[in-house]
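Bear in mind these aren't lab numbers, they're just calculated from the coordinates by the rules spelled out. Everything numeric here is computed off the predicted structure, so don't read it as measured data. Cβ: placed from backbone, ideal geometry, glycine included. Neighbour counts: every protein chain shown.
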Amino acid sequence: MQIKTDYIDIPVAGKQMRTFLAHPAQEGVYPGIIYFSDIFQVSEAMQRACARLAGYGFVVASHEIFHRREPAGTILPQNDEGRARGSQNQLATPVAHFDEDCRAILHFLQQHPMVAKDKIGAGGFCIGGHLAYRAALNPEVKATVCFYPTWLHNGKVGLGENADSLARAGEIQNEMLIIFGALDPLIPAEGRTTIETTLRQANVRFDTRLYPADHGFMRDDRAAYDPECTDLAFQEAVTFFRRKFSE
């Protein structure tokens, strides 16, 4: 399916939040997906990920998660400097601000003429996987895919490093798919167990997939990139979204 892409500004917190938008070129009504980036923001790799998903019949919106701290259009370099800056940004951002941005994107998608109002989902990579999980706390989000959700098992995200994400698992009403890499040092086996046990005890409907891959294996511009695992994980995500939105 051919697509179109654009940048839009969404008002939040008294300023504009720059957002990358990808959607099918053919007019119609499609499910909408909030797609959260990793700490490097909406890089070219993230734009490709958005475009790929849009090509399967989704309206995909990916905003700059550090728009309160970085100038519009900032893409952090994928090196030690960029990683340190991204980490500083996330540790200086209250979790409530991440949630506020999410609600702004939700509102935007619900008002978009190409989006089916009752078919909104969320997905994300790394910290974005964690933020996608938090998006699932909103009842209008019907399906969520978390790709290696960093700091979900220990809550060490945002200002104070004490996010209540897992503690609020009982609020999740939708179904969730979580993608893990078995070689991921940021989400070790015990971390995966913590996440799965918590969700099970909270009666959350979820499934997991574990691939023999490192952290960030779906980002096509880094050494950890694994094309085969990426294709498998992506197809799982598309199948999951399509199933949920056809119910």
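List the lysines whose Cα lies under 16 Å from the Cα of Lys117, skipping any in the same chain that are fewer than 8 positions away.
Reachable lysines: Lys142, Lys244.
Nearest 500 deg cm²/dmol is fine: what mean residue ellipticity at 222 nm does the chain get from its DSSP H runs of n ≥ 4 alone, each adding -39,500 (n - 2.57), divided by its residue count?
Values: 6 runs with 82 residues, N = 247.
Per the formula, -10500 deg cm²/dmol.
When 1/r is averaged over all different Cα pairs and the result inverted, which Kirkwood radius in Å belongs to the chain?
17.7 Å
Order of 228-241, 149-162 by packing, highest average Cβ count within 10 Å first? Could the numbers behind the result be given before it?
Numbers: 228-241: 17.1, 149-162: 19.6.
With the highest mean Cβ count within 10 Å placed first, the list reads 149-162, 228-241.
Mind jotting down a quarter of the surface of the convex hull over the alpha carbons of region 117-247, in square nanometres, one decimal? All intermediate terms of the calculation are to be shown ahead of the outcome.
Working: hull surface 31.4 nm².
Mean orientational projected area (region 117-247, Cα hull): 7.9 nm².
Output the peptides 210-217, 183-190 sorted from most to least packed, where packing is the average of other Cβ atoms within 10 Å over each peptide's residues. Please list the in-between numbers first.
Values: 210-217: 19.5, 183-190: 15.0.
Those peptides, ordered most packed to least, come out 210-217, 183-190.
With the dipole of region 3-246 worked out from charges on the C-beta (+1 for Lys and Arg, -1 for Asp and Glu) around the Cα centre, which of Ile39, Leu131, Val59 lies farthest toward the positive end?
With unit charges placed on the Cβ atoms, the residue in question is Val59.
Fully extended, how many nm does the chain gain between Glu27 and Gln111 (0.36 nm per residue separation, minus their Cα-Cα distance)?
Working: separation 84, 0.36 × 84 = 30.24 nm, distance 1.57 nm.
Separation in residues times 0.36 nm, less the Cα-Cα distance, equals 28.7 nm.
Please get the size of the charge dipole for the chain, origin at its Cα centre, with Cβ charges of +1 on Lys and Arg and -1 on Asp and Glu, quoted in debye to the nearest 20. Present the calculation step by step, with values, prior to reporting the outcome.
On the way: 25 positive and 30 negative charges, 90 e Å.
In debye, rounded to 20, the chain gives about 440.
Counting Lys and Arg as +1 and Asp and Glu as -1, what is the net charge of the other residues whose Cβ lies under 13 Å from the Cβ of Leu186? Before the final figure, lay out the partial values.
Values: positive: Arg83, Lys156, Arg192; negative: Asp38, Asp184, Glu190, Asp214.
Computed value for this residue: -1.
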